[in-house]
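Throughout, read-outs are computed from the coordinates displayed, never taken from laboratory work. Not measured: the values here are computed from a predicted model. As a convention, Cβ positions derive from the backbone with ideal geometry for all residues, glycine included, and neighbour counts pool all protein chains shown.
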Amino acid sequence: MLELLASEKVKQHLPAIREFVETRLIPNENRWLQQPFKQTERELETFRQEVKQLGWWAPHLPENEGGMGLGLFDFAQIS
């Protein structure tokens, strides 16, 4: 229901973000939680860079600062 109220930007990005989280991050979560951070840091940085390249980094920041420029309601849906 809330997706009906989402901005066009969120409607455009949300399915891909959801798929990324469900297929790329969640399957690794248990392994990451069982290892020291130093062992996962490089892999996590790779994911961070990919998210930045996809334009999903810092959704709350203005676009001119490298974010998505989302308001609070849209940010909540992405989060």
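Which of the residues spanning segment 32-67 are touching a Ser or Thr at 6+ places or on another chain (Cβ under 8 Å) and more than 14 Å from Ser79 (Cβ to Cβ)? Walk me through how you get there before you give the answer.
At the first step, the residues of segment 32-67 found to be touching a Ser or Thr at 6+ places or on another chain (Cβ under 8 Å) are 32, 59.
Correct list: Trp32 only.
If we keep just the residues of segment 24-79 that are among the β-branched types (Val, Ile, Thr) and surrounded by 13 or more Cβ atoms within 10 Å (Cβ to Cβ), which is nearest to Leu5 (Cα to Cα)?
The initial filter retains those residues of segment 24-79 that are among the β-branched types (Val, Ile, Thr), namely 26, 40, 46, 51, 78.
Filter once more, so that each one left must be surrounded by 13 or more Cβ atoms within 10 Å (Cβ to Cβ): 40, 51, 78.
Numbers: Thr40: 37, Val51: 24, Ile78: 13 Å.
Of everything passing the filter in segment 24-79, Ile78 is nearest to Leu5 (Cα to Cα).
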Identity of the residue in segment 34-73, among the basic types (Lys, Arg) and over 11 Å from the mean Cα position of the chain (by Cα), that ends up nearest to Gln12 (Cα to Cα): Arg42
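Scan segment 31-50 and give yes if some residue there is at positive phi and aliphatic (A, V, I, L, M), otherwise no. Outline the logic, then answer.
First pass over segment 31-50, keeping only residues at positive phi: none.
No: segment 31-50 contains no residue that is at positive phi and aliphatic (A, V, I, L, M).
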